Structure formats: structure tokens, C-alpha cells
């Protein structure tokens, strides 16, 4: 998270996101190779900060206002060197497991005392759902999956989402089997601002959002179910079935595991706003900004954006998402920054984290 505006309104005393809900593969393609550079990332649960290590930077600084979120990252920093790839997937919840308590104990031995105490308090949840399932946002989806979705669709129908189909067949499935009146009613109730603010995101995150959240989700479901293959979507798989399935988020892919482990010591943590993290030394070559501008007023996001550009090296890229609040390069920055729609538009079409309405890639001149 970032900025004094949201710091004064939202709560940061517990894990809000136990895993990342932006596509790390899209992020890395948007930034491109950054060999020897400095990258600064929203911390959150740490998955995408870890993904940035595959770009071969000299350092990645993961910043977050929440001490709890930094504990989530520290668990990963200890887990990657300690666990084999399959063990890591079990601990995080990507795969079923009967030994998460044992795996957690192994990892906590490599953590500092603060992190060990924090995660020991989360033990019951880790054993039940994995370390990637204990956040407020993941609990929101668990309520949806366990209590609401069964009122709309059978288990067989839910699993059938991931049956191999052509795009035309996926459209037919969506229209004839999924998008019934019960589903449309559930969207309006469970994905309303009130329900999402109370159970999932902090209510303050909706202060600058326009439009209907259920209508937005309905539009994005079509992209997720039809335009792209649900079998390749780990985020949809977790929402509907509670694990990642055969597809995995970028940092958990087998080919990236050893590379991230090898470079894990290049990842640094910063407790504070992302615009302050850049002061840790040198100019910045790339930014993972998640959707932070959506939580700010017009004046706030313009000021934050200008500060990030001022801390950037030439040809640095700022990568960020919009869900429902339109945020893009401020017009007054046109002399310093070039929006790279040629990069963003194709990537957005294949973004597996389907909540967002827009992806922005801006390049410093």
C-alpha cells in the first residue's frame, strides 16, 4: 500500500492479502528485462516482488504500510531456501497437504522471532488452507465458495468450468449453464460495495470508485470464462475450488523456483509508503504499483505519480492496474512519461487476474 491518504483511513493490523491477486507473469512482461537495475514493488504478500527477481535486477525493494504484510513476505523469504518446490506449494495452499504444520515449523526456524510469533498465531489457518489462504480477501472468497456458490451451482458444474473447451463452447457453457438468475442475484449481493468492504477489501478502498461493482465483475467473468482458458487460470481455480490447480501463479511455476531461490537475498523489505522506499538508494528502474492510485484522490494520486517519476531512472517503467477508478498518466506528465499502450493492451487481454478493467505501462523518457 502507499500514500498518507490511505494510511490514515484503512486498517493494516492483519493480513489483508495472503497471496497476490495480480498476474505476476503480466507484470514481468510489462517491465521487461531489468538486469542490474533497482525495482520497487508494493509488498502485499510478496509473490510479485519475488517474481521480479526473475528479471535479474540487482535489488528489489518491497514496500508496505502493514507490518502483517511484511510478515507474509518474511515467511516466503524463509520458505524458498528451506523447502523443495512441491513442499512450498503445499505450505502455501496451492496443493492439498496433510503436513502443513510440519512444513511451517521447518520454515519458522529460519524466521526472526517477530515473524515466528506472528505465524504461529496463524497455525490453525495455515494447516487448514495454507499460508496463502489466511488473509481477509481469501476468507472472503472462502465464504463465497463454501456458503454462497453451492446455492447457485452444484459441485459438478463448478468443476466443469475447467473442462477442456473451445472458445465457442466456453461461451455456450457460460450462457446456458453458469449465468442463471441465481448467479446474477449472487453477484449483486456478494460483490456489492457493502459486502466487499465488510468481508474482503477495506471500505476505504472504495472511496474513489465509480459505477457498480457487481456489473464490473459480471463483465470480467466473461473475459475469464470465454476469452481465456479457465484451465490456465490459477486465480479462478482458487476462488472456485480453494487451490491453484495445475496452473500456478508466476512465482510458483517450477521453472522459476530455483531462480528465485538463487536470488532471494536481493529482495529487501521497507516498512512504509512506496514513494518513500525509493529513497533507499539510487534511481529506480521499474515499479510494481498494483492498484494503489485507485485508493487516492485525484490530487493525491497526481502528487504520488510525480514523486515516483522524479525518483526514476530514464526508461524506467511504472506498471499499475485500475479496477473501477480511472487512473492514468496525469496530463501534466506528458513531457516526462510515455504511456506504452502497445505493451499494456496485449497483456491486458491475457491477464489471468481478471478483476481489473485496465492495465497501464508508462515509460519515463
* **Hits in the stretch 341-365 - residues which are touching a residue at least 60 places away in the same chain (Cβ under 8 Å) and assigned to a loop (DSSP other than H, G, I, E, B)** => 350, 351, 352, 353, 354, 355, 356, 357
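Please pick out the residue among 353, 344, 331 that is touching a strand residue (DSSP E or B) at 6+ places or on another chain (Cβ under 6 Å) and either buried (at least 16 other Cβ atoms within 10 Å of the Cβ) or modelled with pLDDT under 95 (or both). Full working, then the answer.
Details: 353 fails: touching a strand residue (DSSP E or B) at 6+ places or on another chain (Cβ under 6 Å); 331 fails: touching a strand residue (DSSP E or B) at 6+ places or on another chain (Cβ under 6 Å).
Unique residue meeting the criteria: 344.
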* Subset of the stretch 272-325 that is at positive phi and outside any strand (DSSP E or B) - its residue that is surrounded by the fewest Cβ atoms within 10 Å (Cβ to Cβ) -> 281
* To do: Name every residue in the stretch 106-145 that is buried (at least 20 other Cβ atoms within 10 Å of the Cβ), more than 25 Å from residue 157 (Cα to Cα) and either modelled with pLDDT under 95 or within 16 Å of the chain's Cα centre (by Cα) (or both), in order of residue number.
  => 131, 132, 134, 135
* Out of all the residues in the stretch 220-241, is one or more over 17 Å from residue 351 (Cβ atoms) and either at pLDDT 95 or above or buried (at least 20 other Cβ atoms within 10 Å of the Cβ) (or both)? -> yes
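Restricting attention to the stretch 45-64, which residues are surrounded by 22 or more Cβ atoms within 10 Å (Cβ to Cβ) and either in contact with a helix residue (DSSP H, G or I) (Cβ under 6 Å, 6 or more places away or on another chain) or outside the structural domain of residue 78 (by TED's automatic domain parsing) (or both)?
The initial filter retains those residues of the stretch 45-64 that are surrounded by 22 or more Cβ atoms within 10 Å (Cβ to Cβ), namely 45-53, 57, 60-64.
Scanning the stretch 45-64 gives 45, 46, 47, 48, 50, 51, 53, 60, 61, 62, 63, 64.
For the structure I just gave you, tell me whether residue 141 is closer than 26 Å to residue 246 by Cβ, in contact with a helix residue (DSSP H, G or I) (Cβ under 7 Å, 6 or more places away or on another chain) and part of a helix (DSSP H, G or I). Walk me through it before giving the result.
Details: closer than 26 Å to residue 246 by Cβ: yes; in contact with a helix residue (DSSP H, G or I) (Cβ under 7 Å, 6 or more places away or on another chain): yes; part of a helix (DSSP H, G or I): yes.
Answer is yes for this residue.
The values are calculated or read from the model by the stated rules, or taken from the named source; none is laboratory data. Note that the structure is a prediction, hence the values are computed from the model and not measured. All Cβ positions, glycine included, derive from the backbone under ideal geometry; neighbour counts span all protein chains shown.
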